[in-house]
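Accompanying notes for the structure given below.
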Amino acid sequence: MKNKILIFGTLMLVIIFAGETRAQDAAGILKKMDEVLYAPKDQTGQLRMVLTDRSGNERIREASIWQKGTDKRMFRFTAPASESGIAFLSLPADVMYLFMPAFEKERRIATHVKNQPFAGTDFSYEDMESVSYSSKYTPKLLKETAEYWLLELTPKSGLQTNYSKIEMKVNKQHAYPESMESFDKGGNKLKTVENTYEKEGKYWYPKEIKMTDLKKRHSTRMIMTKVVFDSNLSDQIFTVRNLTSF
Amino acid sequence: MKKFCSTFLIFLLLTPVYAQKSDQLTIRGELLTDQRILMKADHDWAWNETRLDLKLDKRSGKVKFFGNVWLKHLGGPATLQSSGLYSKDQISPWNLDLREAYAEVSGFVFENLDLKVGRQRIAWGTADRFNPTSNLNPFDLEDVFDFGRQQGSEALNLTWHFNDRFSLQGVYLPFFRPSNLPLGLFSGVLAQPFSLPGDLRLSGHTDKLLMPRHNFAEGATTGIRFKGFALNYDFSVSYIYGRDGISLMQSARIVPLLTFPYVNVEAALTFPRNHIFGGDVAGSIGSVGVWAEAALFVPQKEIIQSIDLSLLYPESPVPVISDSITLEKKTWLKLAVGADYTFHKGTYLNVQYLHGFLHERGQGNLNDYLILAIEKSFWNDQFLLRPIAGGMVVSDWSKPSENFAVFYTPEFIYKGIDNFQIGMGVFVFEGKGQSLFTGFKDFNMLQFKAKLSF
């Protein structure tokens, strides 16, 4: 009897230890991926967004983007004219502001808006905010192949998000996310993301992100051009003062 | 004057052609048409507006220039005489409105100081569209349904940024300008009620405005605002010393006519001066967006309305004057409290309670308003439907059934083509008693709007 208990205990320890190692691996992979995504101290660029509906009709949006560290991002539409000047500021601690030129003042984005489409695109305000995945999600390694790791990300306790989980393929060679599938609270697949990367200097960056809303059968391709890294952007860019002085 | 304005507009339009090549002057704008038709039997046109809205923007380092001009055609022919047929201005009335033209310097002398000088609109407060604390610019009431629209004013505007979160703003508006009043069918809706004593009947009236002198003591408006972010809420506190842009009758002289009891009234109108202490806060409770904004108005002096009846009593050895207080020297508080929420499928709800509308003033004279809007975009944001939009007002809670108004303003907008939108809406009013919206109940309308952005 004693032997049986000993064997069972040993097996449990092995299982728990193996599970722990796997979790640590997943956390390590996600951390490494965040380091790749947020490797530049700062970056600026121009975005061209191609919105495609289920009939194949396309609409174009253009914007400028500024990013610093892992938690500051400014985004300002430059075209079309009806959207020009609309700006979005993402700051640490889940603080986001929207500036609509017609109202001439900024407005805090309340939590209820975060799962809404950002200016008609398939990206939500939550997708647009600048936050590392490690700080929001607990990862689990689902699968490993020669080319990629498949991670399942579940929201950390207390995080307000529209997603119940995200499944993400992380490229093993460069540690960037190749594709993602996000699921709603009912477990239904909500959106897919496909990324195409390019290398600029020493950094890999997503040259094109294609987000598809499966329910709407609508997609947005976000194509980045004129990317500049490490230009020592001032913190003053990421302020309400700058947001409103368009 | 119009020639000057036209020349100025041409200058504005031509300048960018030259400047665009070298200075990256950007020109944006909108072309808007807004047509409203009464629902009553003959379906008269209630509003006809075509507006060219031009925005000019040029940056050079820390300096930015911004200009906003509205060129508008409003209403129908303004002549009933053949002589007017020689004037295109009368056949097709138009106006030019320089809404803003200012220079803004970020980091003026000190890195933390911003300067904005010129004609500008200064929007204070965090409530949605109805901002009790935003009292620096006079209201632009031309289109009385465009609630909260304000004129530009010449101003010196300085803001010191202590850090990313806290700032102190000081503004000085040297000239007082009154609010412009509603046009067309709606021209009388803000008129002050005036009852003649006894059996007198009004034949006609004239009035004069007691305009303040353009100096610091009389005409200037000053304001200061401390704005910040703490405990996850945006907030501000403010103070304004300025004048109410909507006039108040200070005196009237009754002039009897040969056709007694018909009389003429010669009135004098004043613009009361107030101290206004404001505060606002905005943030979230749970996932619901919330805001509250309040302004305490402290009138500088009591306004006594004197009705001079002396001409009715020529034999009287002393002037016969009837005095009544039209604005007591008592404070009143305007308040806006609201919340908004977006449901899972994208339906947006916005509800707001107001105590005191834009034009209301004086302790005991403010009404309570509940304003509600529900909207939903669909087909990838190509359509916006606002099926429930409107509200209600109760002007006397002791008899609400006799003193209320409801207004319903749903609309439907198509936005399927970039830079173009077209919409249709309805204005329906009903009510009893005395309130702004009760005054609209004869003006139920259909509205058609189209806007092109460039």
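Observations on the model:
- Verdict on B:Arg121 being more than 30 Å from B:Pro77 (Cβ to Cβ), open to solvent by 50 Å² or more (accessible area, probe 1.4 Å) and touching a residue at least 12 places away in the same chain (Cβ under 8 Å): no
- Meets criteria (within 14 Å of another protein chain (Cβ to nearest Cβ), open to solvent by less than 60 Å² (accessible area, probe 1.4 Å) and touching a Ser or Thr at 6+ places or on another chain (Cβ under 9 Å)) for B:Phe383: yes
- Restricting attention to region A:106-116 and to residues that are within 7 Å of chain B (Cβ to nearest Cβ) and surrounded by 19 or more Cβ atoms within 10 Å (Cβ to Cβ), the residue that is modelled with the lowest pLDDT turns out to be A:Thr111.
- Whichever residue in region A:204-233 is assigned to a loop (DSSP other than H, G, I, E, B) and facing another protein chain (nearest Cβ under 10 Å) and, among such residues, is nearest to B:Gly228 (Cα to Cα): A:Lys216
- Residue that is nearest to the chain's Cα centre (by Cα) [pool: residues in region B:258-281 that are open to solvent by 50 Å² or more (accessible area, probe 1.4 Å), more than 20 Å from B:Trp124 (Cβ to Cβ) and not polar (S, T, N, Q)]: B:Glu266
- Pairs are defined by a Cβ separation below 9 Å, a sequence spacing of at least 6 or placement on different chains, a first member in region A:47-73 that is on the phi > 0 side of the Ramachandran plot, and a second member that is of a type in the set (D, E, K, R); the pairs so defined are A:Gly69/A:Lys41; A:Gly69/A:Asp42.
- Residue in region B:138-154 that is modelled with pLDDT of 95 or more and of a type in the set (Ser, Thr, Tyr) present: yes
- Per-region count, region B:282-315, residues away from chain A (no Cβ under 14 Å), in a loop (DSSP other than H, G, I, E, B), open to solvent by 40 Å² or more (accessible area, probe 1.4 Å) and out of contact with any Leu (no Cβ under 8 Å at 6 or more places or on another chain): 5
- Hey, A:Lys156 more than 11 Å from every other protein chain (Cβ to nearest Cβ), farther than 23 Å from B:Ala339 by Cα, touching a Ser or Thr at 6+ places or on another chain (Cβ under 7 Å) and of a type outside the set (Phe, Trp, Tyr) or not: yes
- For A:Phe123, the stated conditions hold: it is away from chain B (no Cβ under 11 Å) and under 30 Å from A:Asp25 (Cβ atoms).
- When B:Ala19 is tested against (1) open to solvent by less than 30 Å² (accessible area, probe 1.4 Å); (2) at pLDDT 90 or above, exactly one condition is not met: (2).
- If the condition is being outside any strand (DSSP E or B) and either on the phi > 0 side of the Ramachandran plot or facing chain A (nearest Cβ under 9 Å) (or both), then region B:105-121 contributes B:Gly107, B:Val109, B:Glu111, B:Arg121.
- For B:Asn131, the stated conditions do not hold, so it cannot be described as facing chain A (nearest Cβ under 10 Å), among the polar types (S, T, N, Q) and surrounded by fewer than 20 Cβ atoms within 10 Å (Cβ to Cβ).
The values are calculated or read from the model by the stated rules, or taken from the named source; none is laboratory data. Small disclaimer: the values here were computed from a predicted structure and weren't measured. Here the Cβ is made from the backbone with ideal geometry for all residues, glycine too, and neighbour counts use every protein chain on show. All accessible areas refer to the heavy atoms of the entire protein, side chains included, with ligands and DNA or RNA removed. Shrake-Rupley method; radii C 1.70, N 1.55, O 1.52, S 1.80 Å.
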